[in-house]
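Inspection log for the structure reproduced underneath, given as structure tokens.
The values are calculated or read from the model by the stated rules, or taken from the named source; none is laboratory data. Predicted model only: the values in this text are computed from it and were never measured. Cβ sites come from the backbone with ideal geometry, for glycine too, and all protein chains shown count toward neighbours. What goes into the accessible areas is simple: the full protein's heavy atoms, side chains included, and nothing from ligands, DNA or RNA. Shrake-Rupley method; radii C 1.70, N 1.55, O 1.52, S 1.80 Å.
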Amino acid sequence: MKAEQSAIPQTDPFALFDAWFAEARETEPNDSNAMALATAAADAAPSVRMVLLKGRGPDGFTFYTNAQSRKGDEILANSQAALLFHWKSLRRQIRIEGVLEEVAAEQADAYFHSRSRESQLGAVASDQSRPLADRATFVERYSAARKRFEGGEVERPPHWTGFTLAPHAFEFWMDRPNRLHDRRRFELTQGQAGGSWKDTLLYP
Ligand SMILES: Cc1cc2nc3c(=O)[nH]c(=O)nc-3n(C[C@H](O)[C@H](O)[C@H](O)COP(=O)(O)O)c2cc1C
């Protein structure tokens, strides 16, 4: 019998991420760039929520948010975080672990102003994660923001920003028949010549 091989190639994990993400863009009906972001408070209690991947550069994976939110408070206390992509139509999962760093103000400005004006005003109006007395209060704050910036550019609130997760581990999971699924984990190891990725197959 021919020895069966893992269907997840031993390759650069960023390149593998890009290949799977490109397939997901073709197959997922909605938000193929949606990812769960797990953070942990200073007391180590975890929390998780969805955000949208808005950039994949050489440094890592970028999303945008309000830094005065619950996640923002947790990131300030503990910059370690994890991301999770699950593409149901492909039956694949990617876990990514690393450290978050805030993007430069110019990058946050550029992304903020690339969004629709309505979204920019919504970001100004929202005190993300803070208690809201009633929906009408939010709508009034939105109208007030619209009036304030009428005829001019909407200013990015300084706490509305982006974070980039620089990964030190990836794990790729894909469905295989009989629940004999494939898993391959990549870890960054620091050598004298800089970082290199070491990969290991894991039982599913
Ligand atoms: C598919 C999806 C994508 C989302 N994308 C973002 C995002 O990119 N940025 C963001 O701040 N919140 C996003 N949200 C809302 C967050 O899940 C969350 O409700 C919000 O950021 C407040 O989280 P926090 O209280 O933990 O800070 C998204 C929600 C969903 C369901």
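Take every Cα pair under 8 Å whose residues are at least 6 apart in sequence, average their separation, divide by the length of the range 114-182, and the relative contact order is 28 percent.
Out of PHE63, PHE149, PHE186, any idea which swings most in a Gaussian network model of the chain, alpha carbons joined below 10 Å? Most flexible of the set in this elastic network: PHE149. Here the contact order of the chain, divided by its residue count and restricted to Cα pairs under 8 Å and six or more residues apart, works out to 21 percent. The phi-based Karplus calculation (6.51 cos²θ - 1.76 cosθ + 1.60; θ = phi - 60°) puts the 3J(HN,Hα) values of the range 112-128 at 4, 7, 7, 7, 5, 4, 4, 5, 4, 5, x, 5, 5, 6, 8, 8, 3 Hz, whole numbers, x for Gly and Pro.
Remind me, relative contact order of the range 82-137 in percent, using alpha carbon pairs under 8 angstrom and six or more residues apart? Reported relative contact order: 19 percent. For the chain, the longest principal axis of the alpha carbon atoms and the long axis of helix 13-27 meet at an angle near 70°. Roughly what % of Cα-Cα distances in the range 39-169 sit above 22 Å, to the whole percent? Tail of P(r) above 22 Å: 44 percent of Cα pairs.
Between the helical axis of 135-148 and the dominant principal axis of the chain, each derived from Cα atoms, what acute angle in degrees is found, rounded to the nearest 10? Compared with the principal axis, the helix lies near 70 degrees.
Over the chain, what percent of the accessible surface lies on carbon and sulfur atoms, probe 1.4 Å?
50 percent
Taking the Cα centre of the chain as the origin and placing charges on Cβ (Lys, Arg +1; Asp, Glu -1), which of GLY152, GLN93, THR189 is farthest toward the positive end of the dipole? The listed residue farthest towards the positive side: GLN93.
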